[in-house]
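Enquirer: I am attaching a structure below and will ask some questions about it afterwards.
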Amino acid sequence: MLKDLILKNRSYRRFYEEVPVEIETLRELVDLARLSASSANLQPLKYILSCNPQKNALIFPNLAWAGYLKDWPGPKEGERSPAYIIILGDKNISKSIACDHGIAAQSILLGAVEKGLGGCIIGSINKGGLRKALKIPPQYEILLVLALGKPKEKVVIETVGRDGDIRYWRDNEGTHHVPKRKLSEIILAEFV
Ligand SMILES: Cc1cc2nc3c(=O)[nH]c(=O)nc-3n(C[C@H](O)[C@H](O)[C@H](O)COP(=O)(O)O)c2cc1C
């Protein structure tokens with residue numbers, strides 16, 4: 001069921017790094033993005049796939065993880081993602097990309113969850129550093145990086161409390177808690 005997949009599709013930031021994700025799996029995931037909606041059907045998104053440890057080591061230092069967890073510098077060696085999908089916008093096709101990359105990211109992540117994998121959307125990217133590390137030509141705007149792998153952490157959803165704090169947090173057992181606003185808070189009007 002779609003709701004089950006959406007519930008399971010949390011942002012996972014710690015992985016079994018030793019469990020590989022095959023290149024064919026990454027291709028299948030990008031195929032889901034390929035079949036998804038695109039503004040004016042321009043399809044300006046392009047992708048770089050990596051399940052190569054040497055390339056992954058070039059990508060990782062350019063990503064920022066879990067900004068609210070101030071005392072956590074990101075996944076340690078052995079818990080890093082074994083695979084990445086970098087979403088690029090081809091400026092020769094479209095100068096400004098609407099929200100195609102968000103839709104693509106969600107399609108890819110839902111597909112990953114269906115395959116027993118999980119991931120995290122990373123928008124906080126050292127774009128200059130990543131461009132240099134992978135020699136990405138200027139024609140391609142770096143939009144998002146998806147970290148993918150077999151999750152090695154428990155993530156639970158809870159309801160935002162009375163204080164309105166939406167910051168995710170991690171308890172002593174290492175479980176990651178994600179507060180979500182109530183449905184009644186986000187539906188502004190219902191015209192029946
Ligand atoms: C556009 C976008 C950019 C994001 N960028 C980052 C990021 O740079 N680093 C990170 O650790 N998480 C990032 N996230 C993940 C969010 O922190 C996460 O979605 C949020 O905490 C809610 O958790 P959930 O995905 O489990 O519902 C991003 C999510 C989105 C949608």
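Enquirer: Give me the net charge of Gly78's neighbourhood, meaning all other residues with Cβ under 11 Å from the Cβ of Gly78; Lys, Arg count +1, Asp, Glu -1.
Expert: 0
Enquirer: log₁₀ I(q)/I(0) of segment 55-154 at q = 0.14, 0.20 Å⁻¹, via Debye over equal Cα point scatterers, no solvent, to two decimals?
Expert: -0.56, -1.11
Enquirer: Given the peptides 4-11, 182-189, arrange them by the average over their residues of other C-beta atoms within 10 Å, most packed first.
Expert: Packing order, densest peptide first, comes out as 4-11, 182-189.
Enquirer: Still on this model: Please give every one of the lysines within straight-line cross-link reach of Lys8, meaning a C-alpha to C-alpha distance under 24 Å, and leave out same-chain neighbours fewer than 8 residues apart.
Expert: Once the sequence-local lysines are set aside, what remains near Lys8 is Lys76, Lys115, Lys150, Lys152, Lys154, Lys180, Lys182.
Enquirer: For segment 1-111, what is the largest minus smallest coordinate of the Cα atoms on each principal axis, given in angstrom and ordered from greatest to least?
Expert: 42, 35, 32
Enquirer: Looking only at chymotrypsin sites (Phe, Trp or Tyr not before Pro) in DSSP loops with at most 15 other Cβ atoms within 10 Å, what is the longest site-free stretch of the chain?
Expert: 69-190
Enquirer: If you don't mind, another one. Below 8 Å, C-alpha to C-alpha, sequence gap of six or more: please give me the relative contact order for segment 72-192 in percent.
Expert: Relative contact order comes out at 27 percent.
Enquirer: Over 21 Å, how big is the tail of the calculated P(r) for segment 110-192, in percent of all Cα pairs?
Expert: 57 percent
Enquirer: Taking only the Cα atoms of the chain, how large is their convex hull per residue, in Å³?
Expert: Measuring per residue, one finds 154 Å³ for the Cα hull of the chain.
Every number here is computed from the coordinates shown, using simple stated rules; none is lab data. Since the structure is predicted, the reported quantities are computational estimates derived from the model, not experimental observations. Positions of Cβ are backbone-derived with ideal geometry, glycine not excepted, and every protein chain shown enters the neighbour counts.
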